[in-house]
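S.K.: Pasting in a structure now, in structure tokens, and then I'll have a few things to ask.
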Amino acid sequence: MAANANLLLNAAAAAVGPAIPVADGGRHPLHAPERNWPETNCSVDLWIELLGALGRDPAAAMAFTVTQDFEGDQFTFFKIPVEDLEALHGVVLQELSIFDRLEGHVAEQLGRGRVVLIEVDGFYLPDTFGVSYRTEHTKTTIGVNLLDEESRTIGYFHNAGYFRLEGEDFDGVLGRLPGQRGDATLFPYVEFVKPDRPALEGARLRAAAVDLLRRHLARAPASNPVLAWKRRFRAQLECVAARDPAFFHKYAFNTARQLGANFELLASHLDWLADQGEAGLDAPRDAAMRIAVGAKTLQFNMARAVARRRFEGVEAPLDDLAAAWDACVPVLARRFGA
């Protein structure tokens with residue numbers, strides 16, 4: 001009985017993984033430095049790298065980007081729907097119940113060839129050096145692919161690549177530092193990836209991707225989200241200017257960056273569909289790229305306006321972005337009969 005009771009505790013005693021063979025520091029082409037938005041958000045970035053490591057093309061799964069809306073204080077923090085991952089790539093995402101040592105649960109799944117997604121504190125992630133590493137406590141998700149308790153090392157997917165952490169960072173990510181664990185400490189939110197089903201390929205993948213695009217277009221915003229932002233834009237920037245300078249980066253991340261990165265991924269999805277033989281996508285693809293490029297320029301203009309506290313006409317460039325949205329999402333809806 002004692003041996004069974006300690007099974008999970010003992011499971012992480014040795015190195016476990018990698019669940020997926022992968023080289024440190026590699027980048028998927030969707031994270032290429034020459035892109036306007038080489039990084040998007042922690043969720044989509046992780047899946048881009050993870051799907052690439054699994055030999056699946058993440059560009060096929062980006063149809064959901066047409067549903068992005070302005071939510072009043074931010075643009076939708078976009079994520080690949082788990083249903084799309086399963087339908088296209090045979091990947092099932094399930095919550096992992098944590099009721100014992102986190103390390104033991106992680107080791108159990110790694111031993112089964114499953115990457116484990118853990119919500120952690122970016123303070124302990126060395127790949128965020130210069131952003132949050134050892135400077136700011138932030139919530140983010142990593143995909144643990146390797147765990148070695150003896151050397152206190154973790155191999156993980158995060159943002160635009162695959163990395164390793166060790167030593168005190170290992171203890172910090174797992175909540176093992178003094179003061180991190182106790183009766184009042186909540187277990188982190190954890191999921192695991194089961195790539196147990198075959199991925200679609202060729203004509204079947206193309207047909208499924210088109211079907212998903214049609215379904216997502218039916219859920220797209222009924223009115224132009226960029227115009228909705230424009231109505232709030234100047235007042236929001238004035239509020240941002242009254243805050244600590246570092247607050248601008250949080251606002252910009254959740255507005256201009258989410259908008260631009262989302263539509264650059266939509267452009268990549270339309271490029272992928274065109275490569276698969278879908279015709280009539282040049283115009284909406286170019287419109288999506290105009291949003292991606294324009295949002296990047298807008299972010300610089302936002303920073304300048306906040307720094308100078310001069311806001312006259314600051315919202316004018318949003319007209320071009322709104323026109324590009326009208327030339328993209330509604331056109332795609334007509335093209336695919338959504």
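Values quoted throughout were computed directly from the atomic coordinates according to the rules given, and no laboratory measurement underlies them. The model shown is predicted, which means the values in this text are computed figures rather than measured ones. Glycine also receives a Cβ, built like all others from the backbone with ideal geometry; neighbour counts cover every protein chain displayed.
S.K.: Restricting to lysines 8 or more places apart or on different chains, can you count the pairs in the chain with Cα atoms under 17 Å from each other?
M.R.: Taking the chain as the scope, the lysine pair count is 4.
S.K.: Roughly how many whole Å is it from the C-alpha centroid of region 224-266 to that of region 190-204?
M.R.: 34
S.K.: What shape does region 156-285 take by its C-alpha gyration tensor, where a ≥ b ≥ c are the square roots of the eigenvalues and a/c under 1.5 counts as rounded, a/b above b/c as prolate, and the rest as oblate? Mind dumping the intermediate values first?
M.R.: On the way: a/c = 2.55, a/b = 1.23, b/c = 2.07.
Oblate is the answer for region 156-285, as a/c is 1.5 or above yet b/c matches or exceeds a/b.
S.K.: When a footprinting reagent is the concern and you count Cβ atoms within 10 Å, what order do 34, 103, 264, 238 take, fewest first? Intermediate values should be presented prior to the final figure.
M.R.: On the way: 34 6, 103 22, 264 25, 238 14.
The fewest-first ordering by Cβ neighbours comes to 34, 238, 103, 264.
S.K.: Let me ask something else about it. Mind running the shape call on region 247-338? Use the C-alpha gyration tensor, a ≥ b ≥ c as the square roots of the eigenvalues: rounded below 1.5 for a/c, prolate if a/b tops b/c, oblate otherwise.
M.R.: Values: a/c = 3.29, a/b = 2.28, b/c = 1.44.
Because a/c hits 1.5 or more and a/b exceeds b/c, region 247-338 counts as prolate.
S.K.: Roughly what would the spin-label model give for residue 326 and residue 274, points 7 Å off Cα along C-beta, in nm?
M.R.: 2.3
S.K.: For residue 210 and residue 15 in the same chain, what is the full-extension length gain: residue separation times 0.36 nm, less their Cα-Cα distance, in nm? All intermediate terms of the calculation are to be shown ahead of the outcome.
M.R.: On the way: separation 195, 0.36 × 195 = 70.20 nm, distance 4.19 nm.
Between residue 210 and residue 15, full extension yields 66.0 nm more.
S.K.: Starting from the Kirkwood Rh over alpha-carbon pairs, what translational D in µm² s⁻¹ does the chain have by Stokes-Einstein at 10 °C and 1.306 mPa s?
M.R.: Numbers: Rh = 21.4 Å.
So the translational diffusion coefficient is about 74 µm²/s.
S.K.: Where Lys and Arg each count +1 and Asp and Glu each count -1, what net charge lies around residue 332 among other residues with Cβ under 13 Å from its Cβ?
M.R.: Details: positive: 214, 215, 219, 285, 334, 335; negative: 278, 282, 286, 326.
Value of the local net charge: +2.
S.K.: Counting only Cα, what are the radius of gyration and maximum Cα-Cα distance Dmax of region 97-196, in Å?
M.R.: 12.8, 39
S.K.: Residues in region 206-234 near a label at residue 316, defined as backbone nitrogen under 17 Å from the 7 Å Cα→Cβ point?
M.R.: Under 17 Å, as judged by backbone N against the label point of residue 316, lie 230-231, 233-234 of region 206-234.
S.K.: I've got another one for you. With a cut-off of 8 Å between alpha carbons and a minimum separation of six or more residues, what is the relative contact order of the chain in percent?
M.R.: 24
S.K.: I need 302, 289 ordered by Cβ neighbour count within 10 Å, fewest first. Let's see the in-between values first.
M.R.: On the way: 302 24, 289 21.
If I rank by nearby Cβ atoms, fewest first, I get 289, 302.
S.K.: If we sort 117-125, 247-255, 328-336, 59-67 on the protection proxy, mean other Cβ atoms within 10 Å, highest first, what's the order? Provide the component values of the computation, followed by the final result.
M.R.: On the way: 117-125: 21.3, 247-255: 17.1, 328-336: 19.2, 59-67: 24.9.
Result, highest mean Cβ count within 10 Å first: 59-67, 117-125, 328-336, 247-255.
S.K.: 5 Å is the cut-off here: which amide hydrogens, built 1.01 Å from N in the peptide plane, fall below it relative to residue 153, excluding neighbours closer than 5 in sequence?
M.R.: 148
S.K.: May I ask you to compute the full-extension gain from residue 166 to residue 234, defined as 0.36 nm times their residue separation minus their alpha-carbon distance, rounded to one decimal in nm?
M.R.: Details: separation 68, 0.36 × 68 = 24.48 nm, distance 4.45 nm.
Stretched fully, the residue 166-residue 234 segment lengthens by 20.0 nm.
S.K.: Over region 2-194, consider all pairs of different Cα atoms and compute the Kirkwood hydrodynamic radius from their mean reciprocal separation; express it in Å, one decimal.
M.R.: 17.5
S.K.: Take 135, 128 and order them by how many other Cβ atoms sit within 10 Å, fewest up front.
M.R.: Details: 135 12, 128 20.
Fewest to most other Cβ atoms nearby, the residues stand as 135, 128.
S.K.: Along Cα→Cβ, 7 Å out, is where each label goes; now give me the distance between the ones at residue 77 and residue 242 in nm to one decimal.
M.R.: With each label point 7 Å from Cα toward Cβ, the separation is 2.5 nm.
S.K.: Ok, one more. How much length is gained on full extension from residue 119 to residue 297, taking 0.36 nm per residue of separation minus their Cα-Cα distance? Write out the running numbers ahead of the final one.
M.R.: Working: separation 178, 0.36 × 178 = 64.08 nm, distance 3.18 nm.
Between residue 119 and residue 297, full extension yields 60.9 nm more.
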